[in-house]
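Taking it in order: structure first as C-alpha cells, then the write-up.
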Amino acid sequence: MPQQLINNNNQNNINGTIVSPKNYVLEAVPDEQTLAELSCYAIDYSHTIGNVALWNDRKDCHDLSVTPPIALMPSPFPAELFEKAKAVQETLSELYFRISLDHDFLVDAYRDVVKADKWIAKQIELMEMVKKDGIRQNISVQLQRADYMSHWDEQQHKMELKNVEVNIGQVGGPGCATLMSKLHKRMMEKVGNLRYGQPLSSTVNGKLPENCPRKGMAEAMLHAWKLFGDKNAVIVFMNQPELFPVCHFEQLQFIQVSVRVRRFST
C-alpha cells in the first residue's frame, strides 16, 4: 500500500461533518526556495538508499541512475478507512486467489474483453495452453497489490473506502514502496528541522504506518520455496528492463537458507 500520513484528528470525523485536514505541506513548503531545497534533498537521499532506476534513455548503461517519480510528503488519509482496508485485505486476497484458479469462470468473464484487449487475450491464450498441457504442480503462490482511495458519498454525507485496483503483475512495486516510506520518514524529519528547528517526531513515529512489503513478498516466496520441497529448486525473477523503475526484492531470507536466485531479462 502506498505511504500515507494517517490522519486521526478528532476534528476530521469521517462519519460526521467533513472538515478539510490541515494542509501541512503548504505550511512546510512556503516558498519556491524551500521547495527546491527539499526536492534536491529528496533526490540525493533517494540515491543513498537505492530508490533509483536505470536512466530511460540509457537502459544499457548501469553507471547512470535516476530517481523514480516521488512525492515529497506522504498524503493525509483517514485513519478509520486505513484500518478498514487492512481488515478486509486478507479476505479479499483469498477471494482473488480462488477466482484465479477457476478456469471456466475466467474464460466466461473475459469473453468480450479479449475481443478488444490484446494483452488480456494473450493471457487467456496462455491459460488455455497451460490447462491443455496439464497442471504439474500442486502449490501456487500469488503476490498481489491492492489500491484504495477515499470517496465522499454525497447521499450518505460521509467518507467511504473504495478498492480501485487489484494488481498481480507489477510485483516490483513493493520494493519501491518500502523505500518510499523510508524517504517520507526522513523528509518529515527534514521539514521539522528546517521549519521548526526540531524533527516532527510525533508525526513520524505516531502517524506514519509501518510499510515493509518488499520483505513480506520475499518471505512469501521463501515460504513457497520451502513448501515446494526441493532444496535444489531455483527462484527465478523475470525482469522487463524497459519498465521504470527497477526495484529488487529483499533477498536476505534466501541467502540465509542458501536458496539459489536467478534474475533474467525478457
Practice item. Just one of (1) at pLDDT 85 or above; (2) farther than 30 Å from D44 by Cβ trips up L143, so point out which. Key: (1)
Point to revise | Count - residues of region 219-257 that are modelled with pLDDT of 70 or more and either outside any loop (DSSP other than H, G, I, E, B) or of a type in the set (G, A, S) (or both) | key: 17
Revision key, fill the gap. Exactly one of A53, A42 is surrounded by 13 or more Cβ atoms within 10 Å (Cβ to Cβ), closer than 24 Å to G175 by Cα and touching a Cys at 6+ places or on another chain (Cβ under 8 Å), and that residue is A53
Study note, to complete from the structure: Out of (1) out of contact with any Asp or Glu (no Cβ under 9 Å at 6 or more places or on another chain); (2) surrounded by 11 or more Cβ atoms within 10 Å (Cβ to Cβ); (3) under 28 Å from A218 (Cα atoms), the one R136 does not meet is (2)
Review point. Under the condition of being part of a helix (DSSP H, G or I) and free of Cβ contacts under 8 Å to residues at least 12 places away in the same chain, which residue from region 56-73 is surrounded by the most Cβ atoms within 10 Å (Cβ to Cβ)?
Key: R58
Practice item. With respect to F82, determine if the residue is within 30 Å of V29 (Cα to Cα), aromatic (F, W, Y) and either surrounded by 13 or more Cβ atoms within 10 Å (Cβ to Cβ) or over 20 Å from the mean Cα position of the chain (by Cα) (or both). Key: yes
Review point. From Q142, Q89, which residue is touching a residue at least 24 places away in the same chain (Cβ under 8 Å), of a type in the set (S, T, N, Q) and not in a helix (DSSP H, G or I)?
Key: Q142
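The values are calculated or read from the model by the stated rules, or taken from the named source; none is laboratory data. This structure is a prediction, so every number in the text was calculated from the model and none was measured. For neighbour counting, all protein chains shown are included, and Cβ atoms are generated from backbone atoms with ideal geometry for every residue, glycine included.
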